[in-house]
Every structure is written in C-alpha cells, then in structure tokens.
Amino acid sequence: MAFARTCSVALVGVEGVVVEVQADLEPGVAAFTLVGLPDKSLTESKDRVRAAVVNSGAAWPAKKLTVGLSPASVPKSGSGFDLAVAAAVLGAAERIDPRVLADIVMIGELGLDGRVRPVRGILPAVIAAADAGYEQVVVPECAAAEASLVPGVSVLGIRSLRQLIAVLADEPVPDEEPEEEGRPDPLLAGLRMPGTGAATGMHSLGAAQQDQGHDLADVVGQLSARTAVEVAAAGGHHLFLEGPPGAGKTMLAERLPAVLPRLTRQESLEVTAVHSVAGLLPAGKPLIDVAPYCAPHHSATMQALVGGGPGMARPGAVSLSHRGVLFLDESPEFSSQALDALRQPLEAGHVVIARSAGVVRFPAKFLMVLAANPCPCGRFSQTDDFCECPPSAIRRYQARLSGPLLDRVDLRVEVDRVTRAQLAQRDARGESTAVVADRVRAARERAAARLVGTPWGTNSEVPGRELRSRWHAVPGAMDAAERSLERGVLTARGLDRVLRVAWTVADLVGHDRPDA
C-alpha cells in the first residue's frame, strides 16, 4: 500500500473550507476513482491530471488508484483541485516525498501539457488556509501576488507541474514560459467601472484612473444634486435621481465612487475576495483599494443583480459593488422581480442564496443610486417640452419602483436640465472631487468617533430607535418632520431617514448635533 495526502480549498461563496486530498495505491487492475462529493468539472480532473503527469515526464502508476476529498460533506466544484490531486498521486507513487506534502495547500488547474493555470477565488482560498493554520501555499505564478496579500503565509508561485516536482524533490527547476493572462469572463459583460467605455466586463481601477476624466467639477449647475451626492457619500445613504434625459444623472453617479473614502485594509480584502471569486481582478492589480462601481444594464436578470446561476451560486452586481456604488440607470426598466430582490441586501448588507448544492452567502453592503426619467418619454414636468405620455402611462411607469424599495432610499432629488445661461457662466464649474472628498472624509471621521464601540460605521446603518434614544438633535430641530408624521406625509421609517440624514448634514458642517 502507498499513501500520500496534501490539501486544497473548496469555496462556498467567498468562504473557503480546507479539503484534505488523499491518494491511495493498491495492487490490482489499473483504475482511477475519485470520491468525496465531486461535481462534474472536478470528476473531469481525472483525465486532466493523468495527461499532465505523463506530459510532465513522470510515470503514471499502473495500479488501482483511489483519490479521496475529505470532508466528503462539503460540496466541491471547479478545477482548482487539479494541482493537489496530481501532487497526492505523485506522492503515493513516491515520485515526491509524501512527508513534504502534508502541510502544504495547493490551488491550481492543470492543463494537459502540465502547465498550471489560474482559477477563481485564490485570495479567499488562501485566507481560509491561513485561518486553518497552514503556512505554505502553492498557487499559479500569475496569482502569486494575489495570494501574497494574506499575511503569515509563504507563497510559492509555479508555472508547471514539472516545476512543482523539481522544487519538492530538490531538483533543478526547469524554465517555463509564463502563462498568458486570460480575458474577462464574458458572462459578466455589462458590469463596468467608470471610464472603461463599453461594457466588456467589470474591473477595478486605481484612484488616479478613477479620477481621470471623472471630476465632480465637470457637473455644471445641479447644486442640489451635487449636495445630495456629497451627503450620500458622507452618510452612506441611498440616492434616487429623477430627471429628464441628458440632465446629468449618470455623470453624478459615475463621480460618486471617487468621493467615497479609500477602503481600509480589511474592506479591501473583502472587495478583492468577491472580485476574485467572480474572476474580475484586473491583471497587475491584485488588491482593490478604492470603492468599486457597478452599473448593470436594465435588462439584467435577478440572478445578475443578486447572484446565482447553476450549481454553486456566483456573486451578482450587489456583491460586486460591495463597499462601493451600485448604479441602476433607467431603474423603472428593470424587472419588478429583480428590483424586489434588492430588499434583502439593502436591509441586511449581505445576500443569502439557497441551492441544492448548499447555501451561499455573499457580502453586499453598497450605496445604491437609482436614476429614472419622470415618464416614459422623459419630458414630463418640463416647461419647454411637451410630454406625449398619457396620464395612465405615467402612473404605470412611476409605479414600477415599489414603495418598499423607495422606502429604503434616504435621498430623493430632481435633476433638471442645465440651461444655456448656466453653461455660459464663467464660474459654472463647481467644486472638484478632491475638495468634496475631503469634507466627506472629515464627516465620516466625526460619525465614526460618535459611533465608536457600536457595530455601525455610518449614519445610514444606525437604527432609528438607537438614534432617538442615544443621540438627540437640538430641541425643536425635528418639529417639522414630526408634524409631517402626524399628518401621514411621513412614515415612521421616513422619520428615521430624516434623522439619519440630519446627522450626516451636521457632520458635514461640523456641528455637534442636528439643528434647525
């Protein structure tokens, strides 16, 4: 009997579970059996591993081979187990010393020629390995920078199975051509960052790239809308922009991410892990440290928005915009099913997706920006244009955004068209993104100091009950809002929204408490 074991990682959403890969060789008819709840893509690894081992110059054992993945109760999918399976087989065949394999976690797909190819979710997989106490990880060379983001882990990046055999057997390491970077996943087309042009797949940009050509000073006029963007960024409030086509709704939304504070280290790891699982990390940028921006097309399905898909679910737009901005342009054109599915992530800050293969949880703490025309033709309430929509069509159009969804939006602003006189003004340009971002950062610091010791980080997260009982506005400051509540103009949740926004405005202007 010959036996060897090593480890890999199974991903469930953005959480990883360390899996022990065991290989056992017994006398008998040559056969290869894979057990441990593998899916179809993992079952196919038998052929990939056999070809990779042979084409790497090693002999395939002519015995009865059984490879087990433990624990068997954890669903396992994908090709990321290939490298660990091959190493365990070579250890059982004594081509590699089995003793050196036991404490190493291996992640990577094998090509038929033995080359090691990148897989999704390297970062969360390495985080799981580190949390389980493993200190050595082997990954594809092109993913080594991503894996090295995790402290306390020694990362070995390899290009081929031949190199792995040589390193573990203490032999001269053969030179290999580097693996070319793959293209973005076409299934995620339509999810984009500001400045990427056509929808070719979402990816993250550095701060300098985000700001290039997307300065808030480019927005002419629109004082109330610019103020709303600043308040939304300072307090994490959801925003609804309503106005005719060409008024600047998209310009405002695209400039919002650059106004948000730079992500902390922990937030950067969270965002990068989601994008890694989605296969959307840009080449040469293993860590996303700026707020992401996701703008799905209005034809996006519910699965595209909240996540899903066959087998184990994949992250959707709400998770790809985690710690950033989700912009829904032409929001009434989205399906009602897709819009209603946003309620849970808006309320809970995460998405829970149940599948037959298991339950997946993705983070989804984002700032939502809705944009809509006032009517189907977009000219309703405009004095210089004539709206041709019948009243019934206008009512149906505006009713597509349900009350429960709008009740979770703290700020609602009408964005009017810019006049010729406003464009001609010499001082038409407003404050730059850098100036507004400084005020937003200072306001968030004030809020963080007030909320220290609580589970909340921004004003928008604080429950109304806590706001009313622990942090009081100046007496009389909320009288108008309370009268609106008595008249039925505001709901109780609406009154809480007013109080949250009032605290954010107070933080922006440097006041200790909201006042009249």
Residue exposure sequence - Cys294, Cys389 - by fewest surrounding Cβ within 10 Å = Cys389, Cys294
In Hz, Karplus ³J(HN,Hα) per residue of the range 111-128 (6.51, -1.76, 1.60; θ = phi - 60°; x = Gly, Pro) | x, 5, 8, x, 6, 9, 10, x, 10, 6, x, 4, 4, x, 5, 5, 4, 5
With x for Gly and Pro, the residue-by-residue ³J(HN,Hα) of the range 234-243, computed from phi through the Karplus equation 6.51 cos²θ - 1.76 cosθ + 1.60 at θ = phi - 60° and given in whole Hz, is 5, x, x, 8, 6, 10, 10, 9, 10, x
Quick one: plug the Kirkwood hydrodynamic radius of the range 2-168 (C-alpha pairs) into Stokes-Einstein at 25 °C, 0.890 mPa s, and report D in µm²/s.
-> 160 µm²/s
Going from the fewest other Cβ atoms within 10 Å to the most, one would list Ser321, Ser484, Ser331, Ser148 as Ser484, Ser148, Ser331, Ser321
Report, to the nearest 10°, how far helix 45-55 tilts away from the longest principal axis of the Cα atoms in the chain, using its own Cα long axis and a range of 0 to 90°.
-> 60 degrees
Over all Cα pairs of the range 462-509, how is the pair count split among 5 Å bins, expressed in % and running from 0 up to the last occupied bin?
-> 5, 21, 32, 27, 12, 2, 0
Using a basic spin-label model with each label point 7 Å from the Cα along Cα→Cβ, how many nm lie between Arg493 and Val29?
-> 6.4 nm
Please list, in chain and number order, the residues 5+ apart from Lys63 or on another chain whose amide H is under 5 Å from its amide H, with Hs placed from the backbone.
-> Ala31
Pop a pseudo-label 7 angstrom from the Cα along the beta-carbon direction at both Trp456 and Asp113 and give the gap in nm to one decimal.
-> 5.8 nm
Where the convex hull is taken over the Cα atoms of the range 236-369, what is its projected area averaged over directions, in nm²?
-> 8.6 nm²
Taking alpha-carbon centroids only, the range 329-376 lies from the range 79-122 a number of Å equal to 39 Å
Calculate the spin-label point distance for Asp131 paired with Glu445, positioning each point 7 Å from the Cα along the beta-carbon direction, and give it in nanometres.
-> 3.3 nm
Tally the DSSP beta bridges in the chain and give the antiparallel ones as a percent, rounded to 5.
-> 50 percent
Gain on full stretching of the segment that runs from Thr301 to Gln266 - 0.36 nm per residue minus C-alpha separation = 9.6 nm
Whole-Å distance, taken between Cα centres, linking the range 464-492 and the range 257-297 = 37 Å
Per residue of the chain, what 222 nm ellipticity follows from adding -39500 (n - 2.57) for every DSSP H run with n ≥ 4, rounded to the nearest 500?
-> -9500 deg cm²/dmol
Taking neighbour Cβ counts within 10 Å as the exposure measure, how do His238, His322, His350 sort from fewest upward?
-> His350, His238, His322
Looking at the range 59-134, what % of the alpha carbon pairs are farther apart than 18 Å?
-> 48 percent
Among (1) 19, 42, 30, 9, 1; (2) 21, 45, 25, 9, 0; (3) 22, 56, 21, 1, the entry that matches P(r) over Cα pairs in 20 Å bins from 0, in percent as calculated here = (2)
Would you mind counting up the charge near Arg5? Only other residues with Cβ under 12 Å from its Cβ, with Lys and Arg at +1 and Asp and Glu at -1.
-> -2
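None of the figures in this text is laboratory data; all of them are computed from the coordinates on show. This one's a predicted model, so the numbers in the text were calculated from it and none came from an experiment. Methodologically, a virtual Cβ is constructed for each residue, glycine included, from the backbone with ideal geometry; neighbour enumeration extends over all protein chains shown.
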